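Notes to accompany the following structure.
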Amino acid sequence: MVYRPRATLGRVLDDLGSTLLEVLAGEVQPSTEVGGVVIYDPLDPPVLTDNTLVLGVGLSAPEEVAEVLRTIGKAQGVGLVVRVPAELPPVVLQAAADTGVVLFGLTRGASWVQVSALLRSLLAVDDLGDGDGETLVGAGAGDLFALAGAVSALLDAPVTIEDLNSRVLAFSANQDRADDSRKETVLGRQVPERYTRELEQAGIFRQLYSSDRPVYVTLPDVPAVALPRVAIRVRAGDEMLGSMWAAVSGPLSAEREQAFVDSAKLVALHLLRHRAGADVERRLRAELVASLLEGGPNAAAAAARLGLEHGRSCVVALALRGVDDASNLEAQLQRINGAFALHLSAVHPRSAVALVGGVVYGVIPSSGHGPATDQRAVAIADEFLERIGDHSDVVVGIGRVVADTSELPRSRADADRTLRVLRAGRSTSRVARAEDVQTASLLLELGDLMAAERQQLTGPVARLAAYDTRHRAEMVETLRAWLDAFGDVARAAAVMHVHPNTFRYRLRRLSQIGGIDLDDAEARFAAMLELRLTS
């Protein structure tokens, strides 16, 4: 069984915050455990225990909300959920501040039944796993399939449950009664594009997502769609989650239509549960990978849970360069994380991938020895970048291959240093190993050391730069061109677009101004290093 962390306020807010809940007052302590969920009835007040989260169904009067907050505070409860109000009166804000109880708001349009069942399922974390172990795209799908089967029995028709991109999340077992288009959809776990195009042109999706009632669909011009469809949107509050489709022989009766409507509400609840479960799995995996990469006493246990406790491995780090939009950055990193995890699962089933601190890390097992093992990681990264070719801003740093997972922090440090060089534009490559950019990495670290110690460059290049600023000259660029050309005056003069004699004159002047002996190898090296640190 996969270990699942206990429910906390932070986890509840992470799972439901974007869909059902928002913080109205108080400060959420993410590590505060939630011990239970109760519905508050003013006519029959429940017995409150430690760490209880209370659902204030029907609470609206400010004085009443404030009194319930004080009651919860005395019982050491953790929070109160009320329907989102137009405004928060001072008496409510003061009660929340005095008691330390967090006041949550339930999104308008969301069902108390949904949020109650969903919170209870989050608290019963073991119930988030499916007993049959069946999965679909990494998320447990057993009960969703059972629900599709139950709806199918109610309607006496094959049923599919789909997300907003027409991907099939679950389906009933009687698809042999459907037509060719449905069978193709189920086999591919995706509605083929030619059918979705027909539905879009007929305005079916617009009609579907704008109504709470089922939509009757016929496509007489598409021979493969021999049976009509009845579809209904699946919604939680204001958020669209997907749709449910039944292949029928004709319009539904009033009783079956109402059953279809009621079933859509249950499907919404199950989809929210699965998203919560998937979020738990994703966060847990990220925490395990982070523990593994950081080392320390928890690293061995993390490696065991990830199945990486034996053998050689290396760390691969992926990041974006040149992306300034913070809101878009997170979304892109999540897509890259998912795509890289899928890519690695095909070539290395025992690999682990997670988004940690704005970087996508992959731990890749290695069975070989020598340079070929490094090149294998490079080949994997190159192949991945080729497959996602539209993401030209993705760069990949590869750490050393280590003999044991306890040494993975060293490989991670290599990958991070390499990634920094690539993101800083110090290399034209998109994929690099630590040894490929070692010099550039050392220069960046030397710059960091100087900045930390507040040191300023005061050598020949600094004097030349000051002269250039005062006289609008090009002494620094002249020196750079000469050093880059290995002392070839003709070539350096061509780069600077001046006559060789003019270039020779500038060399003599910069030697005098900067106090540098260009015949001295040590002086040339110091000048080259200073130029690299200032570029």
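Read-outs throughout are calculated quantities, based only on the coordinates presented, and are distinct from any laboratory measurement. Model, not experiment: these values are computed from the prediction. Positions of Cβ are generated from backbone atoms using ideal geometry, with glycine treated the same way; all protein chains shown enter the neighbour counts.
Quick notes on this one:
- In terms of its C-alpha gyration tensor, segment 135-274 has a rounded overall shape, because the principal axis ratio a/c (a ≥ b ≥ c, square roots of the eigenvalues) stays below 1.5.
- For segment 307-451, a crude dipole built from +1 on the beta carbon of Lys and Arg and -1 on the beta carbon of Asp and Glu, taken about the Cα centre, is about 180 debye to the nearest 20.
- Charge dipole (the chain, unit charges on Cβ, about Cα centre) - positive-most of 443, 421, 306: 443
- Debye log10 I(q)/I(0) at q = 0.10, 0.12, 0.13 Å⁻¹ for the chain, Cα point scatterers: -0.99, -1.19, -1.28
- Exposed loop sites, defined as GluC sites (Glu not before Pro) outside DSSP H, G, I, E and B with at most 14 other Cβ atoms within 10 Å, are absent from the longest region of the chain, namely 135-452.
- For segment 170-291: relative contact order, % (alpha-carbon pairs under 8 angstrom, 6 or more apart): 17 percent
- Rounded to the nearest 20 debye, dipole of segment 172-321 from Cβ charges on Lys, Arg, Asp, Glu: 280 debye
- In the chain, helices alone account for a calculated mean residue ellipticity at 222 nm of -15500 deg cm²/dmol, with every DSSP H run of four or more residues adding -39,500 (n - 2.57).
- To the nearest ten degrees, helix 475-484 and the longest principal axis of the Cα atoms of the chain are 90 degrees apart.
- Using C-alpha pairs under 8 Å with a sequence gap of at least 6, the mean separation divided by the residue count of the chain gives a relative contact order of 9 percent.
- Positive end of the dipole of the chain (Cβ unit charges, origin at the Cα centre): among 100, 497, 88, the Cα lying farthest that way belongs to 497.
- Selection among 332, 512, 319 by position relative to the dipole of the chain gives 512 as farthest towards the positive end (Cβ unit charges, Cα centre).
- Counted by neighbouring Cβ atoms within 10 Å, the residues 154, 419, 21 run from fewest to most as 154, 21, 419.
- Cβ-placed point charges (K, R +1; D, E -1), dipole of the chain about Cα centre in debye, nearest 20: 1440 debye
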